[in-house]
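The values are calculated or read from the model by the stated rules, or taken from the named source; none is laboratory data. Note that the structure is predicted; figures quoted are calculated from it, not measured. Quick reminder, even Gly has a Cβ in these numbers, built from the backbone with ideal geometry, and neighbours come from all protein chains shown. With ligands, DNA and RNA removed, areas are computed over all heavy atoms of the protein, side chains included. Shrake-Rupley method; radii C 1.70, N 1.55, O 1.52, S 1.80 Å.
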Amino acid sequence: MRTYRWCLPAAAVLLLTGCGGGAEGGSAEDRATALTKEQVGEVLPDDEAMAGWKESARPIAVEMDALYRREACPMKGNAGCENSRFFGVSTFHDKDDAVQVNFLIIAYVGEQAAREAYDVLWDGRYAKRAGEKAKPLGLGPVGDERDARLGSFSYKGALGAVTQVRVGTTLLWTEAISAGEGGGVDGDSVRDLAAVLAERSRQAQNGDAPSAVLGG
């Protein structure tokens, strides 16, 4: 088993261990609905949605309390977590243990709250998590807003990527890190992972059971 150097935010680790513009690619029927905690857990990909990957921890959702606000939104005053309701995470390794993927979600009380948090969290935290040498990556028509960065995460050449997507009332992140040089993290795989999470959130907000799967 390879050792991964890119760790989940402390809040996500605690969670997993049980401690305390208009939409593109959607339809005219798409709705921006505040999700319940149960729905947040369903949005996160599980082993059925990630064929060929190994689930490191089952999807878990919790209420966004002071602890998780400090970690998910570590800027002054926990900026970006205003009017957030729930936080969730699931994590996977690929079949060769060469890539680790973390999925994260923050669910807000409404679309305006998620929209206002978008730039605050991307500029203040998540854009930096792929490393200083990472470059912008185009995701295509995913969600209502989207950003991504891909690049060398360490001096050994391990590649890392971070995507942030807003779908209605949710902000979604996909973080991928290779265990060695290259290691299967590339633009196409990152786009596919981000698209699965975004589509599952869209489905939940439309009142459907999330069913999007990788490669589906």
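How big is D, in µm² s⁻¹, for the range 81-211 by Stokes-Einstein at 37 °C and 0.692 mPa s if Rh is the Kirkwood radius over C-alpha pairs?
Values: Rh = 14.8 Å.
This corresponds to a translational diffusion coefficient of 221 µm²/s.
If I take every Cα pair under 8 Å that is 6 or more residues apart in the range 58-119, average their sequence separation and divide by the length, what percent do I get for the relative contact order? Intermediate results must be reported in sequence, preceding the final value.
Numbers: 80 pairs, mean separation 20.3, N = 62.
Once normalised by length, the contact order is 33 percent.
Ignoring ligands and nucleic acids, what accessible area does GLU82 show with a 1.4 Å probe (Å², nearest 10)?
Rounded to the nearest 10, that gives 100 Å².
Pull out the extension gain between GLN112 and ASP97, defined as 0.36 nm times the separation in residues minus the alpha carbon to alpha carbon distance; nm, one decimal. Working shown, then result.
Details: separation 15, 0.36 × 15 = 5.40 nm, distance 3.89 nm.
Length gained, GLN112 through ASP97: 1.5 nm.
Give me the tail of P(r) for the range 163-216 as a percent: Cα-Cα pairs with distance above 12 Å. Numbers along the way, then the final one.
Numbers: 938 of 1431 pairs.
Roughly 66 percent, once rounded to a whole number.
Of the lysine pairs in the range 68-156, how many meet both conditions: Cα atoms under 23 Å apart, and a spacing of 8 or more in sequence or different chains?
Taking the range 68-156 as the scope, the lysine pair count is 5.
Using a probe of 1.4 angstrom, how much of the accessible area of the range 26-87 is carbon and sulfur, in percent?
Values: 1500 of 3370 Å².
On the range 26-87, the fraction of accessible area on carbon and sulfur atoms equals 45 percent.
Largest first, how would TRP53, TRP173, TRP122 line up by accessible area (1.4 Å probe)? Working shown, then result.
Working: TRP53 55, TRP173 0, TRP122 20 Å².
Descending accessible area places them as TRP53, TRP122, TRP173.
Let me check against my output: what whole-number percent is the relative contact order of the range 79-192, with C-alpha pairs under 8 Å and at least 6 apart?
Numbers: 259 pairs, mean separation 30.6, N = 114.
For the range 79-192, the relative contact order is 27 percent.
Shape call for the range 34-132 from the C-alpha gyration tensor, a ≥ b ≥ c root eigenvalues: rounded (a/c under 1.5), prolate (a/b greater than b/c) or oblate?
Verdict is oblate for the range 34-132.
For LYS54, what is the net charge nearby, where nearby means another residue's Cβ is under 11 Å from its Cβ and Lys, Arg count +1, Asp, Glu -1? Write down the numbers at each step before the final one.
Details: positive: LYS95; negative: ASP47, GLU55, ASP94, ASP96, ASP97.
Around LYS54, the surrounding residues sum to -4.
Quick one: accessible area per residue over the range 117-216, 1.4 Å probe, rounded to a whole number of Å²?
Working: 3880 Å² over 100 residues.
Result: 39 Å² of accessible area for each residue.
Could you work out how far the C-alpha centroid of the range 103-130 sits from that of the range 181-216, in angstrom?
Rounded to whole Å, the Cα centres lie 17 Å apart.
Could you please report the charge total around LYS37, scoring K, R as +1 and D, E as -1 over all other residues with beta-carbon less than 11 angstrom from its beta-carbon? Let's see the in-between values first.
Working: positive: ARG85; negative: GLU38, GLU42, GLU63.
That sum, taken over residues with Cβ under 11 Å, equals -2.
Excluding VAL162 itself, what net charge comes from residues whose Cβ is under 11 Å from its Cβ, given Lys and Arg +1 and Asp and Glu -1? Intermediate results must be reported in sequence, preceding the final value.
Details: positive: ARG125, LYS128, ARG129, ARG149; negative: ASP147, GLU175.
That works out to +2.
For the pair ASN83/ALA51, report the inter-label distance in nm, with labels modelled 7 Å from Cα in the Cβ direction.
That separation, rounded to one decimal, is 4.0 nm.
Check each of the trypsin sites (Lys or Arg not before Pro) in the range 54-98 and keep only those in coil by DSSP with at most 16 other C-beta atoms within 10 angstrom; list them in order. All intermediate terms of the calculation are to be shown ahead of the outcome.
Numbers: sites: LYS54, ARG69, ARG70, LYS76, ARG85, LYS95; in loops: LYS95.
In loop regions of the range 54-98 (DSSP not H, G, I, E or B), the sparsely surrounded trypsin sites (Lys or Arg not before Pro) are LYS95.
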